[in-house]
């Protein structure tokens, strides 16, 4: 077992443990904080995969913006009854069974593929992934259209969110 | 890097299943959105892992991961705005009690 694998396993334990706490903890504000831990674990995973830019974006966008948005929403909609009453539906075992079946099926499929057992090749020298990513995002030959569609989607979503959430519209 | 690709895929599958369980079992609408975030992150792990293990010179995996980031941010902004708006008019965030459009 190499150092890479030990780091990966620790990171996986952090992610899965935090994710489980997100779905089973009773207090919603704690669930939001556990989500921050899970997202941080995913950022470490991106760093292990040598996608440094995505690791930074994960911390800035997910932890810095989305998680804070969740915490604000929890505080704005807080009610004592919700923290004390049942947090899960009465037939919660059905989703648990479904999730377990999906996990078992996926693991069965992944283990059955010998190609997925390979280790990664060494990163080719002289390849600047950050530069390549920047060029790919704005090059007409590559992904400029999905990039622009994503930015328009984001703009529309933000305008819509401001309109929906603002209270006084007469 | 000596980690097999299947480890990443199994981790992402487990994270997706946990998120799915959260979405289907929670009553609170905000908790449902938390589960959706976990599922989107599982997808991102898969995209970046396949990018790294197949051909790091082609950027398709990372570009799509960035688009998933943007979609996740849009989804959370609109979803939480809707929840806050519903909470203002109906004083509840329990998904079962939001039955305005139920016939």
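Each value in this text was obtained by applying a stated rule to the coordinates, not by laboratory testing. Every value quoted in this text rests on a predicted model; they were computed, and no experiment measured them. Cβ coordinates were reconstructed from backbone atoms using ideal geometry, including for glycine residues, and neighbour counts include every protein chain displayed.
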How far apart, in nm, are the 7 Å Cα→Cβ label points at residue A:86 and residue A:155? 4.7
By how many degrees, between 0 and 90 and to the nearest 10, does the Cα long axis of helix B:5-25 differ from the longest principal axis of chain B? 0
Compute the relative contact order of chain B as a whole-number percentage, counting only Cα pairs closer than 8 Å that sit 6 or more residues apart in sequence. 26
What the 5 Å binned alpha carbon P(r) of the protein assembly as shown shows, as percent of pairs per bin from 0, is 1, 6, 12, 16, 17, 16, 13, 9, 6, 3, 1, 0, 0
Ranking of A:34, B:51, B:7 by count of other Cβ atoms within 10 Å, fewest first: B:7, A:34, B:51
Taking the 0 to 90 degree range and rounding to the nearest ten, how far is the long axis of helix B:60-90 tilted relative to the main principal axis of chain B, both from C-alpha atoms? 10
Could you list A:153, B:80 so that the one with the fewest beta carbons within 10 Å of its beta carbon is first and the one with the most is last? A:153, B:80
Which distance in nm do the two modelled labels at residue B:96 and residue A:7 give, with both placed 7 Å along the Cα-to-Cβ direction? 4.6
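Need one value for B:83-91: mean number of C-beta atoms belonging to other chains within 10 Å of its residues' C-beta atoms. Don't skip to the answer; put the middle values down first.
Numbers: counts 5, 9, 6, 2, 5, 4, 1, 0, 2.
For this peptide, the per-residue mean of nearby foreign Cβ atoms is 4.
Please arrange A:148, B:75 by how many other C-beta atoms lie within 10 Å of their C-beta, fewest to most.
Working: A:148 12, B:75 17.
Fewest-to-most ranking of A:148, B:75: A:148, B:75.
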With runs of 4+ DSSP H residues as the only contributors, calculate the mean residue ellipticity of chain A at 222 nm using -39,500 (n - 2.57) per run, divided by the residue total and rounded to the nearest 500. -22000 deg cm²/dmol
